[in-house]
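Read through the structure below, which is laid out as structure tokens, and then see the notes.
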């Protein structure tokens, strides 16, 4: 990456951390980027299974060892709202909202993060993955982004401070 990444997370009124990205695609294309396994494969990893069953398996290809995680589909209201839970009943609840029109979409990912130390790891991770999404949707190579040291530990202090650490 030619420039240092920027921490994008902010606290909303509920205390959740919100990460947003503008995409030069329609709202429907942004929805496909986060729900179509061929599109998710480009930035976070492919998923398999039947979403109608309520659970899919996500293979995280940008992580060492390509771990597979069960993802519960909590709410799916195409093309504007997707709520999923990763890691079982005590896992992360993630809310993805998509706004926009035919020319540009704004994707926001929201997560309640328990404490400053967790935020110092989780925040840089979401900035990394959402920047990978932007790169993929722009036709660039998401693999050109470096998680270490650019995002982690590069952005860790910002998120630690954001949650009062």
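The values are calculated or read from the model by the stated rules, or taken from the named source; none is laboratory data. On a predicted model such as this, the values are computed, not experimentally measured, just so you know. As a convention, Cβ positions derive from the backbone with ideal geometry for all residues, glycine included, and neighbour counts pool all protein chains shown.
Which residues, taken from the stretch 137-153, are buried (at least 18 other Cβ atoms within 10 Å of the Cβ) and part of a loop (DSSP other than H, G, I, E, B)? Across the stretch 137-153, the qualifying residues are 145, 152.
Examine the stretch 20-39 for a residue that is in contact with a strand residue (DSSP E or B) (Cβ under 6 Å, 6 or more places away or on another chain), touching a residue at least 24 places away in the same chain (Cβ under 8 Å) and closer than 22 Å to residue 156 by Cα, and state whether such a residue exists. Checked against the condition, which is being in contact with a strand residue (DSSP E or B) (Cβ under 6 Å, 6 or more places away or on another chain), touching a residue at least 24 places away in the same chain (Cβ under 8 Å) and closer than 22 Å to residue 156 by Cα, the stretch 20-39 yields at least one hit.
Yes/no per residue for (1) at positive phi; (2) touching a residue at least 12 places away in the same chain (Cβ under 8 Å); (3) in a strand (DSSP E or B); (4) touching a helix residue (DSSP H, G or I) at 6+ places or on another chain (Cβ under 9 Å):
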| residue | (1), (2), (3), (4) |
| --- | --- |
| 90 | no, no, no, no |
| 93 | no, yes, yes, no |
| 97 | no, yes, yes, no |
| 102 | no, yes, no, yes |
| 109 | no, yes, yes, yes |
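When 80, 59, 55 are checked against the criterion of being in contact (Cβ under 8 Å) with a residue 12 or more places away in the chain, surrounded by fewer than 19 Cβ atoms within 10 Å (Cβ to Cβ), over 13 Å from the mean Cα position of the chain (by Cα) and under 27 Å from residue 145 (Cα atoms), a single residue qualifies: 59. Here the condition is being under 22 Å from residue 30 (Cα atoms) and at pLDDT below 95; of 102, 90, it holds for 102 alone. Comparison of 141, 150 shows that the only residue that is over 16 Å from the mean Cα position of the chain (by Cα), farther than 23 Å from residue 29 by Cα and modelled with pLDDT of 95 or more is 150.
Taking the criterion of being over 21 Å from residue 142 (Cβ atoms) and surrounded by fewer than 19 Cβ atoms within 10 Å (Cβ to Cβ), the residues of the stretch 111-130 that qualify are 112, 114, 115, 116, 117, 118. Going through (1) under 27 Å from residue 104 (Cα atoms); (2) outside any loop (DSSP other than H, G, I, E, B) one by one, residue 72 falls short only on (1).
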